[in-house]
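Quick notes on the structure that follows.
Nothing in this text is a laboratory measurement; each read-out follows from the coordinates by a stated rule. Keep in mind that this is a model prediction, so the values were computed, not measured. Here the Cβ is made from the backbone with ideal geometry for all residues, glycine too, and neighbour counts use every protein chain on show.
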């Protein structure tokens with residue numbers, strides 16, 4: 001009798017754990033939203049993707065999140081991947097994709113970029129993908145293609161401006177350096193870089 005009670009008690013304890021594991025497996029099968037960053041963004045050039053660009057402080061972005069998570073739940077069935085980019089952390093990508101409004105959504109199919117401008121509801125996202133409505137959307141121009149040389153330069157510029165902003169804040173707020181001194185240091189650094197580039201270019205021309 002005691003052994004039966006022990007087995008029953010053990011079963012009672014294990015049942016919630018088993019249900020939890022089944023639920024976790026179901027979620028894993030459905031898929032989820034993938035984080036896209038500066039270091040791995042080229043993964044979206046392969047296959048089919050829906051990627052949103054957002055900021056945590058953006059009210060419209062916050063409203064989108066539940067629908068975006070629902071879309072990600074269909075990723076396995078639709079054979080797509082669903083991603084998100086936090087532009088407050090990935091400044092290079094915000095420049096590369098020329099993000100001027102939030103949220104911005106891109107559909108990417110085998111490296112071809114199209115901006116999604118439809119309704120931000122799960123059913124409309126699903127229709128856009130299942131019915132291949134994206135074929136009726138004109139791809140972005142070649143000169144603003146995120147994979148182009150021009151946009152790579154824009155990405156580097158955004159990263160550099162972000163670095164300047166952070167460095168200026170560190171110099172003035174952490175080290176207590178006056179603002180005008182910080183500006184002077186950046187000005188001198190800019191002149192020095194210009195002189196070095198000029199010297200390198202001059203040396204290269206004389207070598208011929």
Exercise for review: Could you list 117, 52 in order of exposure, starting from the residue whose Cβ has the fewest other Cβ atoms within 10 Å?
Suggested key: 117, 52
Practice item. Could you check the simple spin-label distance between residue 89 and residue 144, using points 7 Å along Cα→Cβ, in nm with one decimal? Key: 2.7 nm
Study note, to complete from the structure: note: the range 31-147, Cα-Cα separations exceeding 18 Å make up a percent value of 46 percent
Study note, to complete from the structure: Extension length gain for residue 132 and residue 98 (0.36 nm per residue less Cα distance), in nm, is 9.8 nm
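Rank the residues 35, 82 as a footprinting-exposure proxy: fewest other Cβ atoms within 10 Å of their Cβ go first. List each step's numbers first, then the result.
Values: 35 12, 82 22.
The fewest-first ordering by Cβ neighbours comes to 35, 82.
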Review point. Quick one: if the Förster radius is 25 Å, what FRET efficiency do residue 35 and residue 70 give, using the C-beta to C-beta distance and rounding to 0.05?
Key: 0.90
**Study point:** Zone residues, the range 96-111, relative to residue 58, backbone N less than 18 Å from point 7 Å out along Cα-to-Cβ
**Key:** 96-108
